[in-house]
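Everything on this sheet refers to the single structure shown next.
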Amino acid sequence: MRHRVAGKRLNRTSSHRKALAKNLMRAMIIEWQGKGHIVTTRSKAKFIQPRVEKLISLAREKSVHNIRRAMSIIGDRKLVQLLFDEIGPYYKERPGGYTRLLRMVKPRLGDASVRAYLGYVREDDDYPEGDCRLEADTDAAGEVEELSSDVTEITEDSLGDEPQADEDQPAGEADEEQPADQEPPVDEEPPADQEQPADQEQPADQEQPADEEPQASVESPAEQPDEVSESDEAAQDAGAAESDGKEPDAEDPQAAEETAQEATAEAEVAPDGVPEPEETAAEDDAEAQEDKKSD
């Protein structure tokens, strides 16, 4: 019975197993700066995987005690320094699962033993040849590239017109247009609206009584034809009397004076500056009559 017997013997003695484990762990640490994996038999890979992950867990916390423990297992100062300076900080926030073990398809030539792939879990993993995940990753990468190319083409097509419109206007003009928006007084031109003395000062429009009076004066002669016609008739009667050689009656001079007074009153009522030729004729007739009386 195999009571209290743990691990694999690998058909080797204890000293041989320890040396084998130390060599495989060193190779695993060296490959951190290389391919990132080692290829060995499946049984050896299962034997060495837990030991490598325990070393990485020690390297997550850099202390003198942990460095001495790793030194007792590996026995190489440079590899211990690489373990604590690069590998440990890389997996500091990862709680376990630092490596992966994959069975390879093709057996080893010679004894046809099953081979295995033992590598680090990181972004730049290299999957072994024949692994199904390698094909899946390549297909996914191709699909992502196609989608990215389609998206870029769509964005270029949709934004193809806008850059042309922007290119037509140089950057200097685009910058100069902004101050024009910030200077509304230039567009509104309030001084032009305020400076309108010619429009505001409209004496002719405001002083309309002066324009309206001439209209009344012009209409006044049309309204006075009857009164003027009476004075004309009196003058005609006086002229007819003189032509006949008959002296006018005593009442005729009085009538002429009355007509002359009415004409002068009308002239006073009429606006200044509007000549009335009919008044002058009446006055001439009155003077002529007075001259006759004096004779």
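Details
- Residue that is surrounded by the most Cβ atoms within 10 Å (Cβ to Cβ), among those in the range 18-30 that are more than 11 Å from residue 51 (Cβ to Cβ) and out of contact with any helix residue (DSSP H, G or I) (no Cβ under 8 Å at 6 or more places or on another chain): 27
- The lone exception for residue 1 - which of (1) more than 15 Å from residue 113 (Cβ to Cβ); (2) surrounded by fewer than 16 Cβ atoms within 10 Å (Cβ to Cβ); (3) in contact with a Lys or Arg (Cβ under 9 Å, 6 or more places away or on another chain); (4) of a type in the set (A, V, I, L, M) it fails: (3)
- Unmet criterion (only one of (1) farther than 25 Å from residue 105 by Cα; (2) in a helix (DSSP H, G or I); (3) hydrophobic (A, V, I, L, M, F, W, C)) for residue 32: (1)
- For the range 32-56, filtering for residues that are of a type in the set (Lys, Arg) and within 12 Å of residue 115 (Cβ to Cβ) leaves 2.
- Against the criterion of being within 27 Å of residue 111 (Cβ to Cβ), surrounded by 16 or more Cβ atoms within 10 Å (Cβ to Cβ) and among the aromatic types (Phe, Trp, Tyr), residue 47 qualifies.
- Scanning the range 104-112 turns up one or more residues that are in contact (Cβ under 8 Å) with a residue 60 or more places away in the chain and either among the hydroxyl-bearing types (Ser, Thr, Tyr) or not in a helix (DSSP H, G or I) (or both).
We did not get these values from a lab; they are worked out from the coordinates using the rules stated. Note that this is a predicted model, so its numbers are computed, not measured. Don't worry about glycine lacking a Cβ; one is built from the backbone with ideal geometry, like all the others, and counts go over all protein chains shown.
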